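What follows draws every value from the coordinates through simple rules; no lab data is involved. What you are looking at is a predicted structure, and each value in this text was computed from that prediction instead of being measured. Virtual Cβ from ideal backbone geometry, glycine too; neighbours counted across all protein chains shown.
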Amino acid sequence: MAALKVAKMELFAQARAQGLSQNKAALKAGYDPSCSSSRGCRLDNDPRVKARIAELSARVEQATITASGISKSWVIDELIKNIADARAEKQYAVVRQCLVDIGKELRMFVERTEHTEIWNGDPATLTEGQLNNLIEKLETLAYGDDRAALERDKRRALREAGMISAAAAEVIEVQPEQGDPNAKSEESNETTQGESWTAAE
C-alpha cells in the first residue's frame, strides 16, 4: 500500500505504528491540540488509515525482530525453558506468568485496556453514539419517567428556536393509561372543554 495522500493522515499512521496513543499521534501529525483527541479517534477508525497502520506496524515489528535477532519462536522456546526450570524449583508463580506470556504471544487472550483520556467537556469531540448516550442520561436525570413533560419541553424549545410552528408545538400526544377507560388524553380534555364553552356561549 502506498503512503496516504493526505500528509497529516500519513504522519498519524506512522506515529500510531510506532506505538503512540491516538491523541499523541494526532499531535505529532500536526493537528490542533484542542481537537487532537477526537481527530485521533476518527482517524483511527478510518479504514484507509487502519490499513496503513497495520502495514506500517508489521514493518516496524519485522525491523525490530531483524535488528535484535529475536523471533517469536525464540521467545516462546525461552519461556518454555523457564517453565521447566520453575517447575523443578516449585516456583509456580513463575510458571503461571510464563504461561500467560506465551498465551499473549500467541494471541490467545484479549487484554482489556482502560481509557485514561479525560473528556474535555466539548460535545463536538464525542462520537454520535456517545452524544446520544449523554443526551439520554441528561434527559433521564431531568425528567425521570415523565416522557410527556420531556416531549412538551422539546416542542416548546423547538418553537422558541423557530424550528417548528406554534400550532405544531401545541399538539400534545399523551396516551391514556391502559386499563383506565375513564382516562382521557390532555388533547381530548381540551377539546371537551372547548366544546362545553362553545355550548355555554
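Between I118 and Y143, the C-beta separation translates, for a Förster distance of 30 Å, into a calculated FRET efficiency of about 0.60. Using only side-chain charges placed at the Cβ, +1 for Lys and Arg and -1 for Asp and Glu, the dipole size of the stretch 70-113 relative to its Cα centre rounds to 180 debye. Listed from fewest to most Cβ neighbours within 10 Å, the set L56, L134 follows the order L134, L56.
The listed peptides 16-29, 33-46, ordered by packing as a protection proxy, come out as 16-29, 33-46 (highest mean of other Cβ atoms within 10 Å first).
Centre-to-centre separation between the Cα atoms of the stretch 39-65 and those of the stretch 130-152: 39 Å.
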